[in-house]
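Below is one structure, written out as structure tokens; the observations come after it.
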Amino acid sequence: MSGFEPLRVAIVGCGNISGGYGKSLKTRPDRVEIVGAFDVDPDRAGAFAGEYGGRIYKSLKEVMDDPNVELVVNLTSHLAHAEISGAALSSGKHVHSEKPLAANREDGKRLLHLAEKHGVRLSCSPFTFLGEAQETARKAIRDGLIGNPLIVYAEMNWSRIESWHPSPEGFYQAGAGPMLDVGVYTLSVLTAILGPVTSVLGDADILLPKRTIAQGSKAGKTFQVTTPDQITGFLTFASGAKARVTASFLGYSRQAGVEFHGEEGTLILSGSHNFDAKVEIRTLKDSDWRVIPYVAEPFPGVQWGLALFELAESIRTGAPQRCTGQQAYHVLDICLSILDSAEQGRSVAVESTFAPPPAMYFQ
């Protein structure tokens with residue numbers, strides 16, 4: 001038993017990612033109750049409600065006006081995140097948004113201000129830094145198994161979105177792109193483990209400007225890429241550690257995960273995304289790699305509802321909120337600073353900061 005009433009949530013945006021959320025949220029009725037769904041396409045909202053429960057809202061205003069809705073789960077497209085989250089926060093509702101928090105710093109700061117002004121919570125993906133594998137890596141580094149981290153190499157090569165997504169155009173527009181869409185997974189993990197970033201140097205290009213949709217009703221349609229599809233950021237952390245982060249919408253790659261190189265050895269996390277990624281270590285005293293046992297039995301893949309379950313407990317009991325708007329804004333600021341640096345051809349300071357969240361499985 002959870003000991004508290006489940007948090008009542010409405011889903012806004014019933015597209016590709018909503019099924020993962022719906023399926024996961026239904027596993028914890030003690031934490032979360034889905035009270036309804038809205039989408040600009042009523043058929044999609046109907047399909048979601050039919051499978052996962054709740055009413056079908058006819059408009060966004062209906063969602064915001066419903067006193068039964070305590071939290072809005074914002075699963076809309078990248079460029080709509082700030083508008084939908086802002087409307088929900090202004091209506092006195094808590095928000096969990098898919099990534100990124102916003103498309104620009106002005107909107108990101110506005111969301112932080114609205115949450116504070118209205119006394120509500122703002123949460124945002126990625127939350128995968130809370131996965132068992134990611135927490136295992138965090139604990140190992142915290143415990144000094146590789147000494148002080150010196151340099152990190154991280155990859156998020158996500159192939160071509162148009163090969164599987166029925167409406168991929170938005171992923172290739174300003175406000176999205178590979179760093180803001182998938183690089184944020186690695187950046188969330190790195191900042192949770194190493195703390196805030198103080199400066200970046202970026203390189204970014206459009207290497208494949210014309211794309212062809214392969215799936216769905218738009219199959220065969222071509223479109224132009226208008227934001228870089230290959231981005232590399234070189235990061236300096238307040239701790240003194242350095243990192244190289246690559247995010248791409250180009251090809252398949254065997255380069256994946258995160259390598260932490262420290263004073264006394266190396267730790268490899270095979271992925272920033274899945275909770276059951278492998279965690280391996282090799283110190284200067286080791287003759288070979290060895291697997292580090294997980295801090296807890298890992299969820300297979302991604303537990304999409306985890307941030308909501310954690311947020312429900314935080315709202316109801318006062319427990320720490322681990323997926324915060326402050327970290328999401330810092331990650332957004334890092335992404336935009338990398339793009340600014342690439343455009344300006346110089347190092348760029350990252351002005352924002354945040355306090356890393358407490359771990360879930362260890363003190």
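The values are calculated or read from the model by the stated rules, or taken from the named source; none is laboratory data. Since we're looking at a predicted model, the values are computed, not measured. As a convention, Cβ positions derive from the backbone with ideal geometry for all residues, glycine included, and neighbour counts pool all protein chains shown.
Below, the figures for the structure above:
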item: Residue check for V197: farther than 21 Å from Q255 by Cα and not small (G, A, S); result: yes
item: Check on M156, outside any helix (DSSP H, G or I), under 26 Å from V73 (Cα atoms), within 18 Å of the chain's Cα centre (by Cα) and of a type in the set (A, V, I, L, M); result: yes
item: Residues being of a type in the set (A, V, I, L, M) and closer than 18 Å to K23 by Cα - total across the range 52-82; result: 5
item: Number of positions in the range 168-190 that are surrounded by fewer than 24 Cβ atoms within 10 Å (Cβ to Cβ) and of a type in the set (S, T, N, Q); result: 1
item: Subset of the range 302-337 [aliphatic (A, V, I, L, M), under 17 Å from the mean Cα position of the chain (by Cα) and in a helix (DSSP H, G or I)]; result: L306, A307, L308, L311, A328, V331, L332, I334, L336
item: Top-ranked residue in the range 280-301 [being touching a residue at least 40 places away in the same chain (Cβ under 8 Å) and part of a loop (DSSP other than H, G, I, E, B); ranked as surrounded by the fewest Cβ atoms within 10 Å (Cβ to Cβ)]; result: P293
item: Identity of the residue in the range 112-123, out of contact with any strand residue (DSSP E or B) (no Cβ under 6 Å at 6 or more places or on another chain) and in a helix (DSSP H, G or I), that ends up nearest to A176 (Cα to Cα); result: L112
item: From the options G262, G233, residue that is within 18 Å of the chain's Cα centre (by Cα), more than 19 Å from T128 (Cα to Cα) and in contact (Cβ under 8 Å) with a residue 40 or more places away in the chain; result: G233
item: Boolean, M156 is touching a strand residue (DSSP E or B) at 6+ places or on another chain (Cβ under 9 Å), under 11 Å from S272 (Cβ atoms) and surrounded by 18 or more Cβ atoms within 10 Å (Cβ to Cβ); result: yes
item: Selected residue (only one of G202, G175, G220 is without any contact (Cβ under 8 Å) to a residue 24 or more places away in the chain and outside any helix (DSSP H, G or I)); result: G220
item: Odd one out for A277, checked against (1) within 30 Å of T27 (Cα to Cα); (2) surrounded by fewer than 16 Cβ atoms within 10 Å (Cβ to Cβ); (3) among the small types (G, A, S); (4) under 22 Å from the mean Cα position of the chain (by Cα); result: (2)
item: The lone exception for L207 - which of (1) surrounded by fewer than 17 Cβ atoms within 10 Å (Cβ to Cβ); (2) outside any loop (DSSP other than H, G, I, E, B); (3) hydrophobic (A, V, I, L, M, F, W, C) it fails; result: (2)
item: Residue match in the range 309-317 (condition: of a type outside the set (F, W, Y), over 30 Å from H94 (Cβ atoms) and surrounded by fewer than 23 Cβ atoms within 10 Å (Cβ to Cβ)); result: no
item: Residues located in the range 244-259, provided they are out of contact with any helix residue (DSSP H, G or I) (no Cβ under 6 Å at 6 or more places or on another chain), surrounded by 14 or more Cβ atoms within 10 Å (Cβ to Cβ) and either without any contact (Cβ under 8 Å) to a residue 40 or more places away in the chain or of a type outside the set (S, T, Y) (or both); result: R244, L250, A256, G257, V258, E259
item: Wholly within the range 1-98, strands (runs of 3 or more DSSP E) carrying at least 1 residues that are without any contact (Cβ under 8 Å) to a residue 40 or more places away in the chain; result: 32-38, 94-97
item: Set S123, S159, S85: member being modelled with pLDDT under 95 and small (G, A, S); result: S159
item: Given (1) out of contact with any Pro (no Cβ under 7 Å at 6 or more places or on another chain); (2) assigned by TED's automatic domain parsing to the domain that holds L180; (3) outside any loop (DSSP other than H, G, I, E, B), index of the condition H273 fails; result: (3)
item: Meets criteria (surrounded by 19 or more Cβ atoms within 10 Å (Cβ to Cβ), more than 16 Å from the chain's Cα centre (by Cα) and more than 30 Å from T186 (Cβ to Cβ)) for V63; result: yes
